[in-house]
1. How high is the relative contact order of the chain, in percent, counting Cα pairs under 8 Å that sit 6 or more residues apart?
2. Consider just the alpha-carbon atoms of the chain and return their Rg together with their Dmax, both in angstrom.
3. Mind checking which of Arg68, Arg80, Arg16 has the largest fluctuation in a GNM of the chain, springs on alpha carbons under 10 Å?
4. On a full-extension model of 0.36 nm per residue, what is the gain between Glu106 and Ile161, subtracting their alpha-carbon distance, rounded to one decimal in nm?
5. Once fully extended, how much extra length lies between Arg12 and Ser48, figured as 0.36 nm per residue of separation less the alpha-carbon to alpha-carbon distance?
6. Give me the net charge of Leu47's neighbourhood, meaning all other residues with Cβ under 15 Å from the Cβ of Leu47; Lys, Arg count +1, Asp, Glu -1.
7. Calculate one ³J(HN,Hα) per residue across region 101-118 by plugging θ = phi - 60° into the Karplus curve 6.51 cos²θ - 1.76 cosθ + 1.60, and present them in order as whole Hz with x for glycine and proline.
8. To test your reading of the geometry: what angle, between 0 and 90 degrees and rounded to tens, separates the Cα axis of helix 69-80 from the longest principal axis of the chain?
Amino acid sequence: MGGFMALRLALRHPERLIAMILIDSMASAPLSPNEGFFQALKDSGPLSEAVAQRNADILFGVTTTSHRPELIEAWKTRWRDLTGASVYWETASWLRREDLSSRLGEISVPTLVIHGEEDTIIPIAAGEEMADGVQNGRFVRIANAGHTPNLEDPDAVNAAIIDFVESLVLAP
């Protein structure tokens with residue numbers, strides 16, 4: 001969701017940005033095979049264990065799921081505190097947004113695109129296309145991470161961000 005907002009900011013107000021970092025995002029129109037599932041949550045109360053588990057199955061990579069059950073459980077606990085309506089409205093805020101792929105070339109700020117290689121929500125190719133499509137893009141693939149590489153491998157993500165920021169600061 002943050003990536004969709006950042007892309008729109010870069011296109012509408014480029015003067016407000018020095019650089020941009022996108023994590024597991026895409027420029028094309030987001031669709032979801034889970035749209036009916038999210039629609040069914042619209043009028044529901046607290047999320048059930050089954051819904052929390054389904055979110056975990058969607059968001060986390062297989063490596064994290066098998067090797068970091070404590071992370072999965074911590075997030076499932078957080079999700080069970082949410083209502084179905086809040087999940088529905090968050091999802092509705094990004095589903096079926098306009099496709100910005102054809103406008104990526106208008107973005108001139110240095111852009112770092114980070115993407116988990118095990119992301120099943122947004123294909124890694126979508127991240128690569130964004131990095132290639134902006135004028136000054138850089139792509140970093142995070143091994144063994146799904147849609148949330150900042151949680152699944154924070155050291156790798158932070159290293160990529162530090163390297164990117166240093167390249168901006170040290171640039172002539």
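1. The normalised contact order for the chain reaches 29 percent.
2. Answer for the chain, Rg first and Dmax second: 16.8, 54 Å.
3. The residue with the greatest mean-square fluctuation here is Arg16.
4. Details: separation 55, 0.36 × 55 = 19.80 nm, distance 2.27 nm.
So the extension gain works out to 17.5 nm.
5. Details: separation 36, 0.36 × 36 = 12.96 nm, distance 3.94 nm.
Extra length available between Arg12 and Ser48 comes to 9.0 nm.
6. Working: positive: Lys42, Arg54, Lys76, Arg78, Arg80; negative: Asp43, Glu49, Asp57, Glu73, Asp81, Glu90.
Once positives and negatives cancel, what remains is -1.
7. Working through the residues one at a time gives 3, 6, 9, 4, x, 6, 8, 10, 5, x, 10, 9, 10, 10, 8, x, 6, 9 Hz.
8. It works out to around 70 degrees.
Rule-based calculations on the coordinates, nothing more; no lab input. The structure displayed is predicted, hence computed values, not measured ones. Every residue, glycine as well, gets a Cβ built from its backbone with ideal geometry; the counts of neighbours run over all protein chains shown.
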